[in-house]
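Since the structure comes first, as structure tokens, the remarks are kept for the end.
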Amino acid sequence: MVTDMSTQLGDLVLSNPVMTASGTFGYGFEYEDFMALDNLGAFIVKGTTLEPRQGNDYPRMAQTPAGMLNAVGLQNPGVEHFIEHTWPRYGALESKVIVNVSGAKIEDYVRVAELLAPLEGLRAIELNISCPNVKQGGMAFGTTCDGAASVTRAVRDAWPRHLMVKLSPNVTSITDIALAVEGAGADSVSLINTLMGMAIDIERRRPMLSTVTGGMSGPAVKPVAVRMVWQVAKAVKIPVVGLGGIASAADAIEFIMAGASAVQIGTYNFVDPSAAGRIPAEIDSWCQAHGVSRLMELKGII
Amino acid sequence: MVTDMSTQLGDLVLSNPVMTASGTFGYGFEYEDFMALDNLGAFIVKGTTLEPRQGNDYPRMAQTPAGMLNAVGLQNPGVEHFIEHTWPRYGALESKVIVNVSGAKIEDYVRVAELLAPLEGLRAIELNISCPNVKQGGMAFGTTCDGAASVTRAVRDAWPRHLMVKLSPNVTSITDIALAVEGAGADSVSLINTLMGMAIDIERRRPMLSTVTGGMSGPAVKPVAVRMVWQVAKAVKIPVVGLGGIASAADAIEFIMAGASAVQIGTYNFVDPSAAGRIPAEIDSWCQAHGVSRLMELKGII
Amino acid sequence: MKKQLLLTVSSNRVVAPGWHHMVLEGTDLPPVTPGQFVEVAAPHGATLLNRPISIFDATATTLELVIAPVGDGTKAICDAKVGDSLRVIMPLGKGFTTEFPVGSKVLLVGGGVGIAPLYMQLCTLIDAGVKAEVLFGLRSRPDAEFCKQYEALAPIHICTDDGSFGHHGLVTSHPAFGQHYDMIQMCGPKPMMRAVAASAAERGIPAEASLENMMACGLGACLCCVEPTEKGNLCVCKDGPVFNTSLLTW
Amino acid sequence: MKKQLLLTVSSNRVVAPGWHHMVLEGTDLPPVTPGQFVEVAAPHGATLLNRPISIFDATATTLELVIAPVGDGTKAICDAKVGDSLRVIMPLGKGFTTEFPVGSKVLLVGGGVGIAPLYMQLCTLIDAGVKAEVLFGLRSRPDAEFCKQYEALAPIHICTDDGSFGHHGLVTSHPAFGQHYDMIQMCGPKPMMRAVAASAAERGIPAEASLENMMACGLGACLCCVEPTEKGNLCVCKDGPVFNTSLLTW
């Protein structure tokens, strides 16, 4: 890289601001044939819960215009399986890993954080208080200031390193929620999680998803995400991580100009599995062509 | 039509459920070269305010994936101009016209309704409490239950015929808002207005819209709209009018299955100016092919 | 009356770097006046919204466009092959003034691909016995090659940015620009048109400018493409694209 | 190792009503085992997500697919012309068991376009000295024409829905189905596969079924295409698409 691509999320220094979003990148290994994982600033692994979860019934996805709906429902083998079987495989990549922590009760979030805390190489967790696809918890915490602050404060006490909190866009004022989690001790916020949506198979006269509603993601949601990142970055002092429909270096730069200190590639990993690994170099090229020597010069210039 | 396409919004009987959305259809005349306006169940004319408005500065629109952003800001010549110059032109079409009423203050909404009340052929107004593109009023009313109820109640007292209230999707719980306006005397609710979004021209390092943020519409928002129509239709007793990204008979049927008693074609009028006039016949064909003799049999079957 | 038509591409040639000359064929195309435009649907839904394109020439069976592929929509349109169908809405907007006393002197000023809508206007003026001249600001020599069609009809003056053909410099610095005219009509980049309009105003020459604000519907319904004028915000798609420059507040 | 490649369409023919046989060419295509699949990007972004397509046959320089254009994505793929490039991710998933004792009897059961992935499996089994037979359930005679390629390799039994060719009825009612086999391997509509699996289980014949749940990533990352199994929810894209039917809880 010719450009200084580094970025800082408080104490968390990243070689570049391009991450991959939880739930779209498995545990990273799934994408090793398509990129050097080390090219990424970080990668956020699958939402991890205290107990193993089988997730929701099939069908779990539907295509929508320039986007998709999903209702995976946090299928994962549980935090203990992650610690015993997955974490040891990361080796030199440990510093790139961020674990997305999900749950139904505050005690569960806390317990997952406590169990992850001894993994010294794990620099950060992302608290998922905005999953629309689980019956209890998840988005419920993310749609009120009190709920968001309570779970953040409880996990803050249990987790010694960087605490990123992922926010739901399904709210009247995302800045209020962001200020609440900042006040409760979050080190950064990431946004947006999926927009709650729905699609119907009119021929079969039934919903496309087993859960009726699900989370919408992909390029379709980008304008909502950019708007929210811009609003939140103006309101909080902690760094903002932007995601929602990013499919190119230009999209990533758009989020950075809106105020993001880092970005996450989500749904586009399903479209082009090599994209996230290539985008850092493409941002570098754009910066060179535009006389930008330090990428973060562009942060929040709107 | 072979199918019984009629629908009832309380006391308002429509020959078919296909309307056009305010702000996407001018005053109707703009589309006369492309359809017989009489083919429509109704058409909702441009947001009308007490005083003439010049709207926001250019640029007012941006293309987004499967959608667009707009920030027109209620440019219109004012209610008196409408009454004197536009209304007299409708003649036999009077019964198809619904006026979208917008404002910044409750008194303004009420005054517009009072001025429109003497137009006896005007069967309905749509109260716009959800415009994201005006500094005062508009969406502010639409994002709290108290605000939505106050403006609805005030206009209810001033307007003797069908009162439809258009809801903002930029809220945590659209069902709470819908219940509030139902309680305040609305005869129906229409949803969704635009999602608040933003786009940046990274080459020029400035927002695409003069107002920075604007309203997102088009196929991209359809899953959010279908979800909200489904939620609201389950929660309220008054009829629900669905809109958001409808581009075909199949899309219209999807909203009806989700619980809508009628639908509005919005952004797609910009894509295919003949679409809204053709969709009623296409719904009729679909119903015939699927053995549906009365379209409203499909209402809310999900 | 406006129509929405499915027209067939009968020719699509690159006539200068980045300029496609496309001929579309159909039946019963509605009458067009010079300076009007069409909306063309981007193939494969490359953009949701149709793209406004000015009309180079038109008959009851043919529509000629000159298109610069600058965005996703115009790129998809320019990729159309002979035999492909394109959905077209036409004609849209208000064009140039075409009625002048016989013998009037009119200068048509074009910049870049903005020369396109001036071709039909030139034909119309010449037919009407108006003494029309043409002044074009182009990038370089290859663009000038395309101007032979105009040259066949009227005196032509060409400026290029790089001096590779004709006058080296802006259209306002060309000697022909300093002559007196009864009207200047133009289409091109806004800075060029503003400079021309300012000079014309100083000299008491009426001028018309064709604008190209971003638009959605093309029908005057969405109010996206407004231009601030002495009469308030007007729609470029419906009240224009051609405006008398005395109306404009740019 | 999986690769993402840009392959060139060298042939695209309709071989039966609604079935396109497409040949794609490239260099250094990764090795494929029978029953694996590819993800093909829909041209012009017709769908955001790539479309999973089973592999008919493959070499280091060619990929053959049989595609039914049923949705927007597969329609756009089937519209590709000779010379067009398609983005392909391959190979994906786990295919059919290919190792059997020499002389084993294997029945390949295909339904509709589900016969496609059985071609490469058939070639592989025959090469390995397995006594493979083929039993296909098709719509009608024209589909059967396409099966000549299978017929050249092994005994073939065809059922049609309309009786216009071969046995009139379901594959499970065909006399050949009642014979004993060491394994039944199949791809087709779920009701057909469930019926075959039930009968095979009764007779103590192991069976493998290729599933085609809706998927997003194709890599086992998104967990959208899960199938409930005795081992919990498994990904059709990564743990399948071929499963031993004893695992399935369908």
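Can you tell me which residue is modelled with the highest pLDDT among those in segment C:204-218 that are within 12 Å of the chain's Cα centre (by Cα) and in a loop (DSSP other than H, G, I, E, B)?
C:Leu211
Report, by residue number, each residue of segment B:261-302 that is small (Gly, Ala, Ser) and under 17 Å from the mean Cα position of the chain (by Cα).
B:Ser261, B:Ala262, B:Gly266, B:Ala275, B:Ala276, B:Gly277
Give A:Ala36, A:Ala66 a once-over and let me know the one that is farther than 29 Å from D:Trp250 by Cβ, of a type in the set (A, V, I, L, M), within 14 Å of chain B (Cβ to nearest Cβ) and more than 18 Å from the chain's Cα centre (by Cα).
None of the other options fit; the residue is A:Ala66.
Of all residues in segment A:208-229, which are within 8 Å of another protein chain (Cβ to nearest Cβ) and either out of contact with any strand residue (DSSP E or B) (no Cβ under 6 Å at 6 or more places or on another chain) or surrounded by fewer than 24 Cβ atoms within 10 Å (Cβ to Cβ) (or both)?
A:Val212, A:Thr213, A:Pro219, A:Lys222
Matching residues to (1) surrounded by fewer than 21 Cβ atoms within 10 Å (Cβ to Cβ); (2) closer than 25 Å to B:Lys46 by Cα; (3) within 14 Å of chain C (Cβ to nearest Cβ):
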| position | (1), (2), (3) |
| --- | --- |
| B:Ala260 | no, yes, no |
| B:Val263 | no, yes, no |
| B:Asp272 | yes, yes, yes |
| B:Ile301 | yes, no, no |
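Across segment B:46-74, what is the number of residues that are of a type outside the set (Gly, Ala, Ser) and within 18 Å of B:Val99 (Cβ to Cβ)?
Number satisfying all stated conditions: 9.
Among the listed residues C:His174, C:His180, C:His157, C:His167, identify the single one that is farther than 30 Å from B:Ala62 by Cβ, of a type outside the set (Val, Ile, Thr) and surrounded by fewer than 16 Cβ atoms within 10 Å (Cβ to Cβ).
One residue alone meets the criteria, C:His180.
Please state which one of D:Gly166, D:Gly103, D:Gly93 is touching a helix residue (DSSP H, G or I) at 6+ places or on another chain (Cβ under 8 Å) and on the phi > 0 side of the Ramachandran plot.
Exactly one of D:Gly166, D:Gly103, D:Gly93 is touching a helix residue (DSSP H, G or I) at 6+ places or on another chain (Cβ under 8 Å) and on the phi > 0 side of the Ramachandran plot, namely D:Gly166.
Kindly establish whether D:Leu247 is within 20 Å of D:Leu107 (Cβ to Cβ) and at pLDDT 95 or above.
In short, yes.
Taking D:Gln149 as meeting all but one of (1) under 30 Å from A:Met68 (Cβ atoms); (2) in a helix (DSSP H, G or I), write down the number of the exception.
(1)
I'd like the full set of residues that are hydrophobic (A, V, I, L, M, F, W, C) and touching an Asp or Glu at 6+ places or on another chain (Cβ under 7 Å), limited to segment C:3-21.
Across segment C:3-21, the qualifying residues are C:Leu7, C:Val9, C:Ala16.
Which one is nearest to D:Ile205 (Cα to Cα) among residues in segment D:86-142 that are of a type in the set (D, E, K, R) and touching a residue at least 24 places away in the same chain (Cβ under 8 Å)?
Only one residue tops the list, namely D:Lys105.
Could you please let me know if B:Thr48 is surrounded by fewer than 24 Cβ atoms within 10 Å (Cβ to Cβ) and touching a Ser or Thr at 6+ places or on another chain (Cβ under 9 Å)?
Spelling it out, it is not the case that B:Thr48 is surrounded by fewer than 24 Cβ atoms within 10 Å (Cβ to Cβ) and touching a Ser or Thr at 6+ places or on another chain (Cβ under 9 Å).
Look at D:Glu212 and say whether it is charged (D, E, K, R), within 13 Å of D:Pro241 (Cβ to Cβ) and either more than 8 Å from chain A (Cβ to nearest Cβ) or surrounded by fewer than 24 Cβ atoms within 10 Å (Cβ to Cβ) (or both).
In short, yes.
Take B:Gly121 and tell me if it is at pLDDT 95 or above and in a loop (DSSP other than H, G, I, E, B).
yes
Given the options B:Val112, B:Val99, name the one that is touching a residue at least 60 places away in the same chain (Cβ under 8 Å) and not in a loop (DSSP other than H, G, I, E, B).
One residue alone meets the criteria, B:Val112.
Here are C:Lys231, C:Lys238: which of them is within 14 Å of chain B (Cβ to nearest Cβ), crowded, with 17+ Cβ neighbours inside 10 Å and in contact (Cβ under 8 Å) with a residue 12 or more places away in the chain?
C:Lys238
Could you list all residues from segment B:69-88 that are within 14 Å of chain A (Cβ to nearest Cβ) and either of a type in the set (Asp, Glu) or not in a strand (DSSP E or B) (or both)?
Result: B:Ala71, single match.
Which pairs do you get when a residue that is within 15 Å of C:Leu122 (Cβ to Cβ), found in segment C:175-189, comes within reach of a residue that is assigned to a helix (DSSP H, G or I) and of a type in the set (Val, Ile, Thr), reach meaning Cβ atoms under 7 angstrom, with the pair 6+ apart or on two chains?
C:Ile184/C:Val196; C:Met186/C:Val196
Could you pull out the residue among C:Glu151, C:Glu145 that is acidic (Asp, Glu) and modelled with pLDDT under 90?
Of the residues listed, the single one that is acidic (Asp, Glu) and modelled with pLDDT under 90 is C:Glu145.
Condition check ((1) of a type in the set (Val, Ile, Thr); (2) under 27 Å from A:Ala199 (Cα atoms); (3) buried (at least 22 other Cβ atoms within 10 Å of the Cβ)) across all residues:
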{"position": "A:Gly28", "(1), (2), (3)": "no, no, yes"}
{"position": "A:Met35", "(1), (2), (3)": "no, no, no"}
{"position": "A:Asn56", "(1), (2), (3)": "no, yes, yes"}
{"position": "A:Leu69", "(1), (2), (3)": "no, yes, yes"}
{"position": "A:Gly73", "(1), (2), (3)": "no, yes, yes"}
{"position": "A:Pro77", "(1), (2), (3)": "no, no, no"}
{"position": "A:Trp87", "(1), (2), (3)": "no, no, no"}
{"position": "A:Gly91", "(1), (2), (3)": "no, no, no"}
{"position": "A:Gly103", "(1), (2), (3)": "no, yes, yes"}
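Which residues, taken from segment D:207-231, are within 30 Å of A:Met35 (Cα to Cα) and among the small types (Gly, Ala, Ser)?
Across segment D:207-231, the qualifying residues are D:Ser210, D:Ala216, D:Gly218, D:Gly220, D:Ala221.
Quick one: which residue in D:Thr62, D:Thr97 is under 30 Å from A:Asp272 (Cα atoms), of a type in the set (Val, Ile, Thr) and either modelled with pLDDT under 95 or more than 16 Å from the chain's Cα centre (by Cα) (or both)?
Being under 30 Å from A:Asp272 (Cα atoms), of a type in the set (Val, Ile, Thr) and either modelled with pLDDT under 95 or more than 16 Å from the chain's Cα centre (by Cα) (or both) holds for just one of D:Thr62, D:Thr97, which is D:Thr62.
Hey, among D:Val113, D:Val102, which residue is of a type in the set (A, V, I, L, M) and either surrounded by fewer than 20 Cβ atoms within 10 Å (Cβ to Cβ) or touching a His at 6+ places or on another chain (Cβ under 9 Å) (or both)?
When all the criteria are applied, what remains is D:Val102.
So, B:Thr175, is that one more than 7 Å from chain A (Cβ to nearest Cβ) and surrounded by fewer than 24 Cβ atoms within 10 Å (Cβ to Cβ) or not?
So B:Thr175 fits the description; yes.
Go through (1) surrounded by fewer than 24 Cβ atoms within 10 Å (Cβ to Cβ); (2) farther than 13 Å from B:Val18 by Cβ; (3) without any contact (Cβ under 8 Å) to a residue 60 or more places away in the chain one by one and return the number of the condition B:Ala249 breaks.
(2)
Checking D:Val130 against (1) within 22 Å of D:Asp182 (Cα to Cα); (2) in contact with a Ser or Thr (Cβ under 7 Å, 6 or more places away or on another chain); (3) not assigned by TED's automatic domain parsing to the domain that holds D:Lys190, only one condition comes out false. Which one?
Answer for D:Val130: the failing condition is (3).
Read through the list (1) surrounded by fewer than 17 Cβ atoms within 10 Å (Cβ to Cβ); (2) in contact with a Pro (Cβ under 9 Å, 6 or more places away or on another chain); (3) modelled with pLDDT of 95 or more, then give the number of the only condition that D:Ala200 fails.
(1)
The values are calculated or read from the model by the stated rules, or taken from the named source; none is laboratory data. Quick caveat, the model's predicted, so the values are computed rather than measured. Methodologically, a virtual Cβ is constructed for each residue, glycine included, from the backbone with ideal geometry; neighbour enumeration extends over all protein chains shown.
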